[in-house]
Amino acid sequence: MERHTGAVDYQYLLDEAMSAARRSAGVGRVADYIPALARADPDAFGIALATVDGELYGAGAWTQPFSVQSISKLFTLALVLADGEQGIWERVGREPSGNPFNSLVQLETERGIPRNPFINAGAIVVTDKLLSLTGDAAGAVRAFLRTEADNPLVRTDPEVAASEAGHGHRNAALAHFIASHGNLVNPVEEVLAEYYAHCAIEASCRDLALAGRFLARHGLRADGSRLLSRSDAKRVNGVLLTCGTYDRGGEFAYRVGLPGKSGVGGGVLAMIPGRAAVCAWSPGLDAAGNSVGAVAALDAFTTLSGLSVF
């Protein structure tokens with residue numbers, strides 16, 4: 001049943017979303033191919049929402065840090081675009097891949113140009129650019145998250161980063177293949193170290209909702225300064241909608257109806273343009289690498305509230 005009472009009762013909606021997520025308990029499996037993530041409780045859940053006007057709501061384990069993984073790819077792209085680097089779109093596309101996030105297949109046929117910035121190959125290219133711009137790509141992402149979330153404790157988990165590096169043969173293959181086509185500037189080993197370090201950042205649903213709010217605010221940061229032009233914010237949201245949930249973008253748009261970015265740590269960060277950013281987290285994943293509980297929660301949230309881009 002939809003609930004419309006003038007002002008939106010966000011706390012009610014988050015509580016109902018958490019109930020929906022609880023009904024998916026026991027479904028999905030944690031990202032055990034990254035050993036440091038294999039210990040996560042698949043039934044844990046949290047959700048937080050940060051409005052464009054500065055209100056903050058949460059339910060469940062919404063302040064518990066978790067490994068953000070591919071959600072960090074949103075922030076690397078935003079920081080590159082914030083530097084005026086539109087040329088990144090000559091090095092990475094904006095189309096859904098239709099293949100797993102770590103697939104090698106398309107790189108060969110498309111001469112080292114990844115399909116989009118949110119699959120691993122595309123994120124490696126964006127990380128390379130951010131490394132060239134800053135000298136410390138992961139540090140730039142951490143600094144942005146700490147500032148926007150007002151949380152100096154946001155950090156890279158060294159155990160997770162080392163675990164990813166130790167089992168990152170496919171990512172290394174992607175990076176070397178991209179480099180063989182001249183689409184990496186920095187040494188492969190340096191780019192991969194930065195990539196693992198920003199994917200291994202720990203943050204909570206609270207932190208990510210606050211940090212992602214700039215896209216709901218059409219490019220404005222928490223202090224009112226502009227990170228992205230309104231046009232760039234629109235375009236990033238567009239790529240999130242079509243490419244942000246691996247090869248399940250169509251399913252996510254169908255069920256949730258919001259631009260969103262998932263990560264194999266179990267988080268999903270979604271935007272309600274002009275209203276809020278919302279982040280849900282539950283470590284149990286479906287076959288594509290998206291959180292079963294987080295998607296169920298966001299599905300319930302938009303169904304109950306009618307708050308989607310459609």
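The values are calculated or read from the model by the stated rules, or taken from the named source; none is laboratory data. Model, not experiment: these values are computed from the prediction. No Cβ is skipped: glycine too gets one built from the backbone with ideal geometry, and neighbour counts run over all protein chains shown.
Residue by residue, here is whether (1) surrounded by fewer than 20 Cβ atoms within 10 Å (Cβ to Cβ); (2) touching a residue at least 60 places away in the same chain (Cβ under 8 Å) holds:
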{"position": "A162", "(1), (2)": "yes, yes"}
{"position": "S180", "(1), (2)": "yes, yes"}
{"position": "N183", "(1), (2)": "no, yes"}
{"position": "E194", "(1), (2)": "no, yes"}
{"position": "A200", "(1), (2)": "no, yes"}
{"position": "C205", "(1), (2)": "no, yes"}
{"position": "D223", "(1), (2)": "yes, no"}
{"position": "A233", "(1), (2)": "no, no"}
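Number of residues in the stretch 208-221 that are surrounded by fewer than 23 Cβ atoms within 10 Å (Cβ to Cβ) and assigned to a loop (DSSP other than H, G, I, E, B) equals 3.
Among what's in the stretch 79-116 and is hydrophobic (A, V, I, L, M, F, W, C) and surrounded by fewer than 16 Cβ atoms within 10 Å (Cβ to Cβ), pick the residue that is modelled with the highest pLDDT. Once the filter is applied, the top-ranked residue is W89. What pairs can you find where one residue is in the stretch 1-28 and farther than 18 Å from V256 by Cβ and among the aromatic types (F, W, Y), the other is surrounded by fewer than 19 Cβ atoms within 10 Å (Cβ to Cβ) and at pLDDT below 95, and their Cβ atoms are less than 8 Å apart, with a gap of 6+ or different chains? Between residues of the stretch 1-28 that are farther than 18 Å from V256 by Cβ and among the aromatic types (F, W, Y) and residues that are surrounded by fewer than 19 Cβ atoms within 10 Å (Cβ to Cβ) and at pLDDT below 95, the close pairs are Y12/R3. In this structure, L49 does satisfy being within 17 Å of D207 (Cβ to Cβ), at pLDDT 95 or above, part of a strand (DSSP E or B) and under 18 Å from the mean Cα position of the chain (by Cα). Picking from residues in the stretch 238-293 that are of a type in the set (D, E, K, R) and in contact with a Lys or Arg (Cβ under 8 Å, 6 or more places away or on another chain), the one that is nearest to A203 (Cα to Cα) is K261.
Of everything in the stretch 26-58 that is more than 16 Å from L215 (Cβ to Cβ) and in contact with a Cys (Cβ under 9 Å, 6 or more places away or on another chain), the residue that is surrounded by the fewest Cβ atoms within 10 Å (Cβ to Cβ) is G58. Can you spot a residue in the stretch 3-20 that is surrounded by fewer than 16 Cβ atoms within 10 Å (Cβ to Cβ), at pLDDT 90 or above and part of a loop (DSSP other than H, G, I, E, B)? Within the stretch 3-20 (the criterion being surrounded by fewer than 16 Cβ atoms within 10 Å (Cβ to Cβ), at pLDDT 90 or above and part of a loop (DSSP other than H, G, I, E, B)), the answer is no, since none of the residues qualifies. Is one or more of the residues making up the stretch 69-78 of a type in the set (D, E, K, R), modelled with pLDDT of 85 or more, in contact with a helix residue (DSSP H, G or I) (Cβ under 7 Å, 6 or more places away or on another chain) and within 27 Å of V160 (Cα to Cα)? Scanning the stretch 69-78, I find at least one residue that is of a type in the set (D, E, K, R), modelled with pLDDT of 85 or more, in contact with a helix residue (DSSP H, G or I) (Cβ under 7 Å, 6 or more places away or on another chain) and within 27 Å of V160 (Cα to Cα), so the answer is yes. Here A172 clears all of (1) in contact (Cβ under 8 Å) with a residue 24 or more places away in the chain; (2) surrounded by fewer than 21 Cβ atoms within 10 Å (Cβ to Cβ); (3) under 30 Å from A40 (Cα atoms) except the condition numbered (1).
Among I119, I124, which is of a type in the set (A, V, I, L, M), surrounded by 22 or more Cβ atoms within 10 Å (Cβ to Cβ) and touching a Ser or Thr at 6+ places or on another chain (Cβ under 6 Å)? None of the others qualify; the one that does is I119.
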